[in-house]
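The values are calculated or read from the model by the stated rules, or taken from the named source; none is laboratory data. These figures come from a predicted structure and were not determined experimentally. Every residue, glycine as well, gets a Cβ built from its backbone with ideal geometry; the counts of neighbours run over all protein chains shown. Each accessible area value is taken on the protein alone, full model and side chains, heavy atoms only, with ligands, DNA and RNA left out. Shrake-Rupley method; radii C 1.70, N 1.55, O 1.52, S 1.80 Å.
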Amino acid sequence: IALEKAIAALLSAYQNKQRILFFGVGNSGVVAQDAHHKFFRLGVNTVSYSDGHMQVMSASALEPGDCVVVISNSGRTRDLMDACDIARKNGATTIVITASGSPLASAGHIHLSADHPESFDKYSPMVSRLLHLMIIDILATCMALRIGSTTLQPLLSEMKSNLRSKRYT
């Protein structure tokens with residue numbers, strides 16, 4: 001049910017030409033960049049930030065109807081908590097992808113649980129990154145299906161055509 005709520009919020013932001021921001025730091029910052037790339041290709045007005053100052057500044061400019069997706073393995077990063085709180089205060093829908101029971105899990109409107117059995121040891125960053133990427137892939141795929149091929153096909157064809165000159169034949 002949380003996944004459906006997240007998709008509905010993201011789709012509404014897309015349909016109303018609102019912004020969708022992705023926040024993360026460290027490994028989660030890389031996932032946020034990947035999310036930006038996937039959603040941007042769908043024609044979504046999106047950006048990602050992995051810098052805490054940029055996150056706070058951009059969260060300060062959010063409005064009702066905008067969405068922010070905050071990604072964190074631990075759910076305890078101060079910069080992400082601050083940005084999430086500011087975005088929520090400004091009326092944006094906050095979707096958090098993080099561990100259950102963490103401070104961030106209860107700070108967002110919608111919590112997409114990213115729990116894994118590993119402790120915070122040497123393997124945890126890899127496992128959490130793969131789990132977070134999978135959740136982003138699910139969100140992007142559901143968005144693409146709901147946007148529909150009639151809308152997406154011309155955009156993706158145009159992008160592909162314009163990128164041809166970037167490759168050697």
Net lengthening on full extension, LEU133/ASP82 (0.36 nm per residue, minus Cα-Cα): 16.1 nm
State, as an integer percentage, the relative contact order of the chain based on alpha-carbon contacts under 8 Å between residues 6 or more apart. 22
Return P(r) of segment 1-98 (all Cα-Cα pairs; 5 Å bins starting at 0; whole %; ordered from short to long distances). 3, 16, 27, 28, 20, 6, 1
Using mean Cβ contacts within 10 Å as the protection proxy, how do 9-20, 140-151, 103-114 order, highest first? 103-114, 9-20, 140-151
How large is the charge dipole for segment 1-127, taken about the Cα centre, if only the Cβ atoms of Lys, Arg (+1) and Asp, Glu (-1) carry charge, to the nearest 20 debye? 240
Heavy atoms only, probe 1.4 angstrom, no DNA, RNA or ligands counted: give me PHE40, PHE23 ranked by accessible area, highest first. PHE40, PHE23
Which residue fluctuates the most in the chain, going by a Gaussian network model with Cα springs under 10 Å, if the choices are VAL44, VAL96, VAL70? VAL44
Summing -39500 (n - 2.57) over every DSSP H run of at least 4 in the chain, dividing by its residue total and rounding to the nearest 500, the 222 nm mean residue ellipticity is -17500 deg cm²/dmol
Quick check: the angle from helix 2-15's long axis to the longest principal axis of the chain, C-alpha only, nearest 10 degrees? 50
With every protein chain left in place, what is the accessible area of ASP51 in Å² (1.4 Å probe, nearest 10)? 70
Once you treat every alpha carbon in segment 48-109 as an equal point and sum by Debye, what is log10 I(q)/I(0) at q = 0.14, 0.16, 0.19, 0.26 Å⁻¹? -0.31, -0.40, -0.57, -1.06
For segment 142-149, in order, what is each residue's ³J(HN,Hα) by Karplus, 6.51 cos²θ - 1.76 cosθ + 1.60 with θ = phi - 60°, in whole Hz (x at glycine and Pro)? 4, 4, 4, 5, 6, 5, x, 5
Leaving ligands and nucleic acids out of the surface, order LYS38, LYS89 by accessible area at 1.4 Å, largest first. LYS89, LYS38
Taking each pair of distinct Cα atoms in segment 66-169 once, what is the resulting Kirkwood hydrodynamic radius in Å? 15.9
